[in-house]
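Below you'll find the structure, written out as structure tokens, and then a few comments.
We did not get these values from a lab; they are worked out from the coordinates using the rules stated. Computed from a predicted structure; not experimentally measured. Cβ placement follows ideal geometry from the backbone for every residue including glycine, while neighbour counts extend to all protein chains displayed.
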Amino acid sequence: MVTLKARSYENGEPIKVTIAGNRIRSIEPAWPSESVADWPYIAPALFDLQINGHGGVWFSSDSLTRSDVLQALEPHYRYGVTRLCPTLITNSFEGLAAGFAAIREACEYKSTADRMVCGCHLEGPYISAEDGPRGAHPREHVRPADWSEFQKLQQISGNRIKLVTIAPEVEGALDFIRRAVASGVVIAIGHTAATPEQVRGAVEAGARLSTHLGNGAHAMIHRHRNYIFEQLAENRLTASLIVDGHHLPPNLVHTFIKVKSPKRIILTCDAAGWAGCPPGVYESKLGRSEILDNGKLVVAGQRELLAGSAQETDTCVANVIDFAGVSLKDAIDMASKNPARLLGHEVVRLRRGSLADLMLFRIPAEGKRLAIETTIASGELMYGEVVVR
Ligand SMILES: [Zn+2]
């Protein structure tokens, strides 16, 4: 049995959390005699719907192996992440099949990997071929929606594909969305040049998420009739936002959260395979990228054009407090409760009986990320230590 003393992320109150097995056994007031100003906070651990890799491993690599997958998953505990969706972007059938097979092998080989991978995210290949909406996805592999191809990939993954990002305007998209939703897969709208009517059609067919709203879009759009406003106005769509500090300007993050309300926002870092690497120039099949000293990941040789994100989910949580003035509770719920609920996984709460996926952390006055001290997954210590108070 493990006992943790910390301040609740909900209201800052000092609490004593006891864990037995993989569950929270009790939560009581801690009644400390001295000040708790130096106690860390405790909160549900983070859950990220979109992780492309880590430390030089890309889940979209054609040559992905079981050990690559395990190597890319493990470091996430130090960011407070216990659950995530490895994300495979637009690629050939063979490339996607190899990736899903490797992820399946890793999950079947190691139970902690299986616990962390609570679903895979297939982002593409059924997306817009246009420059802008397509983002960094390779044009040669963009194609019409293909349900029978998807079924083969789903089988190869061992039924792990839980989220698909699709553009509503591609041929066959609506039929694909209906079938996917009926099979229990969550559909996201993204990398799209859809008309407002096409966005509405996708929502009617069952789409429930906007993938990284505001990114994977044209540089210039119509001021009134556009796919961003249509998705913002639709209450049935939750929006994921990349709040790494580079993908969206702070005021746009603030505006999106005001319009949607925190309960319909999911924070994702959309970390590239270069996340976790030191500043420098790197080469992949997507081209030459550079991590600048400020952590911005750009196309090598300039400083503006982004090549993905090199930040992690804990950075997005810290940023959203700064950018949108939301509470610590709302910020963490956007990166924990909301994604779990969307995918139909258990929502972790600071309550008796809840799954014990927890993190202890501090909020440094200077610095752009949470300082994670301890991460616990299913009651098991995965990072840091348990300090006795
Ligand atoms: Zn994307």
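Data for the structure
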read-out: Where GluC sites (Glu not before Pro) fall in DSSP loop in region 133-178, at most 12 other Cβ within 10 Å; value: 171
read-out: For region 335-374: relative contact order, % (alpha-carbon pairs under 8 angstrom, 6 or more apart); value: 24 percent
read-out: Area projected by the alpha carbon convex hull of region 179-253, averaged over all directions, nm²; value: 5.3 nm²
read-out: Percent RCO, i.e. relative contact order, over region 47-343, from Cα pairs under 8 Å lying at least 6 residues apart; value: 18 percent
read-out: Equivalent ellipsoid dimensions for region 27-101 as semi-axes, Å, which come from the Cα gyration tensor, largest first; value: 39, 11, 9
read-out: Greater than 20 Å apart at Cα, pairs in 162/337; 329/368; 285/368; value: 285/368
read-out: DSSP-defined beta bridges in the chain - what % are antiparallel, rounded to 5; value: 55 percent
read-out: Value of relative contact order over region 83-178, rounded to a whole percent, pairs C-alpha under 8 Å and six or more apart; value: 35 percent
read-out: Region 188-270: trypsin sites (Lys or Arg not before Pro) falling in loop per DSSP and having at most 14 other Cβ within 10 Å; value: 223, 225, 236
read-out: Debye log10 I(q)/I(0) for region 47-343, one point scatterer per Cα, at q = 0.09, 0.12, 0.13, 0.16 Å⁻¹; value: -0.38, -0.70, -0.84, -1.37
read-out: Separation of alpha-carbon centers, region 289-303 and region 362-389, rounded to whole Å; value: 29 Å
read-out: Value at 222 nm in deg cm²/dmol, rounded to 500, when DSSP H runs of n ≥ 4 in the chain each add -39,500 (n - 2.57); value: -7500 deg cm²/dmol
read-out: Dipole magnitude of region 47-343, debye to nearest 20 (Cβ charges: Lys/Arg +1, Asp/Glu -1, about Cα centre); value: 800 debye
read-out: Backbone HN-Hα couplings from phi across region 327-340 [Karplus 6.51/-1.76/1.60, Hz, Gly and Pro as x]; value: 6, 4, 4, 4, 4, 6, 4, 5, 10, 8, 5, 5, x, 4
read-out: At R0 = 45 Å, FRET efficiency that the Cβ-Cβ distance of residue 252 and residue 78 yields, to 0.05; value: 0.95
